[in-house]
1. Consider region 91-138. How many of its residues are in contact with a Leu (Cβ under 6 Å, 6 or more places away or on another chain), touching a residue at least 40 places away in the same chain (Cβ under 8 Å) and more than 20 Å from H187 (Cα to Cα)?
2. Out of region 170-214, which residues are open to solvent by 40 Å² or more (accessible area, probe 1.4 Å) and either assigned to a strand (DSSP E or B) or within 27 Å of A142 (Cβ to Cβ) (or both)?
3. Go through (1) within 19 Å of G303 (Cβ to Cβ); (2) in contact (Cβ under 8 Å) with a residue 40 or more places away in the chain for W162 and report which single condition fails.
4. Would you point out the residue of region 241-266, among those that are at pLDDT 90 or above and either assigned to a loop (DSSP other than H, G, I, E, B) or of a type in the set (K, R) (or both), that is most open to solvent (accessible area, probe 1.4 Å)?
5. Could you list, in sequence order, all residues of region 26-37 that are part of a helix (DSSP H, G or I) and without any contact (Cβ under 8 Å) to a residue 60 or more places away in the chain?
6. Looking only at residues in region 141-151 that are open to solvent by less than 60 Å² (accessible area, probe 1.4 Å) and not in a strand (DSSP E or B), which one is nearest to C77 (Cα to Cα)?
7. Under the condition of being open to solvent by 20 Å² or more (accessible area, probe 1.4 Å) and either touching a Pro at 6+ places or on another chain (Cβ under 9 Å) or not hydrophobic (A, V, I, L, M, F, W, C) (or both), which residue from region 155-169 is nearest to G247 (Cα to Cα)?
8. Go through region 60-83 residue by residue and tally those that are within 22 Å of A294 (Cα to Cα), free of Cβ contacts under 8 Å to residues at least 60 places away in the same chain and open to solvent by less than 10 Å² (accessible area, probe 1.4 Å).
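The values are calculated or read from the model by the stated rules, or taken from the named source; none is laboratory data. Fair warning: this is a prediction, and the values are worked out from it, not measured in the lab. Every residue, glycine as well, gets a Cβ built from its backbone with ideal geometry; the counts of neighbours run over all protein chains shown. When the accessible area is computed, the model is the full protein with side chains, heavy atoms only, and any ligands, DNA or RNA have been set aside. Shrake-Rupley method; radii C 1.70, N 1.55, O 1.52, S 1.80 Å.
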Amino acid sequence: MEPDSTSARPVRVAVIGTGMIADLHLAAIAGSPDAELACLVDLDEQRARAASFRHGGAPWTTLVPEALEQADAALICTPNASHADIARTCLRADRHVLAEKPMALTLTDARELRDLAAERSLVLAPAHTHRAYDYSRAVRAAIRGGDIGDPELVRLAFLGGWQWGDWGSWVLDPALSGGHVFHNGVHLMDTVTWWVDKRPRAISARGARLTSSQLRIDDYLEMTVIFDDGSLAVTEMSRGHRPARVGSRDVLVVGSDGVLALPDGSDVSAVVDEAGPSVVAALASDAFARQLEAFADACRGGGTPLATADDGVVSIAMAEAAQRSILSGLTEEVAA
């Protein structure tokens, strides 16, 4: 495939994996003028056929190489442990890749994928979708606009109940998901790092199994990111809170010149500084559509994805440090 072969038409995307998260990406593709669905892939033929039926009779296969023959890019939506191998296959076939987070479960694999994409001048993007959500963009805009000066302390928390189906879910198998740190914790650590635009130096983390001690992974996390300049970001992610169907989001940024707070359920940031209270206007659009648009533009040489391969490597380095910290009870250095 020539590097500019997609410049005059929509990017043809093979969606690999047809589970819940794939439906959100597929909806974005269906509504996009910049991308089109080339093929659906699932190891299970019945799931592949069912997904094809739900999405207008799209071509389907159980074989990744067969799907790549019809595509310019791949969107990986399989269980986490398979991301690195599938991404490697796609990159070696000279296809761009948007991979659900995490793009790998080890820093070694993440670095190899980043280098492979760079060698072949391909786009490799982790789907750190929180960068595209309205709340996140509003907070970043306020910080980058200088409304509160230099950010010194960030708090980001998502506290909610169970959402992983029954106890047979692959997410609850640490060999398949990497555990809660890799599956969901990376979202929060990546988001706060993106907001403040600083290098994460170390992580202090702890985990708990609130729903049941019989779980094989923690369903509650607290992860403190320590940046190079000594500033902090405290993040919490829970799937074990009660009542299970009630969730909350908490955002607070303390800066050298003011404080930013984002009320739960709002995408409007309240800023208090020496001039008094004010608000930062909301930003409104679909996160998965925005992420896809940026990826498609990057595939056609017109921009960069919302999260780059380097960002993916840093997020995995933070996840590895958080896992080590949970086990050791110590603050652990970030390797990337």
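1. Residues that pass the stated criteria total 3.
2. W194, D197, R199, R201, S204, R206
3. Going through the list (1) within 19 Å of G303 (Cβ to Cβ); (2) in contact (Cβ under 8 Å) with a residue 40 or more places away in the chain, W162 breaks only (1).
4. The qualifying residue most open to solvent (accessible area, probe 1.4 Å) is D257.
5. L26, A30 - these are the residues of region 26-37 that are part of a helix (DSSP H, G or I) and without any contact (Cβ under 8 Å) to a residue 60 or more places away in the chain.
6. Restricting to residues being open to solvent by less than 60 Å² (accessible area, probe 1.4 Å) and not in a strand (DSSP E or B), the top hit is A141.
7. Q163
8. Selection size over region 60-83: 3.
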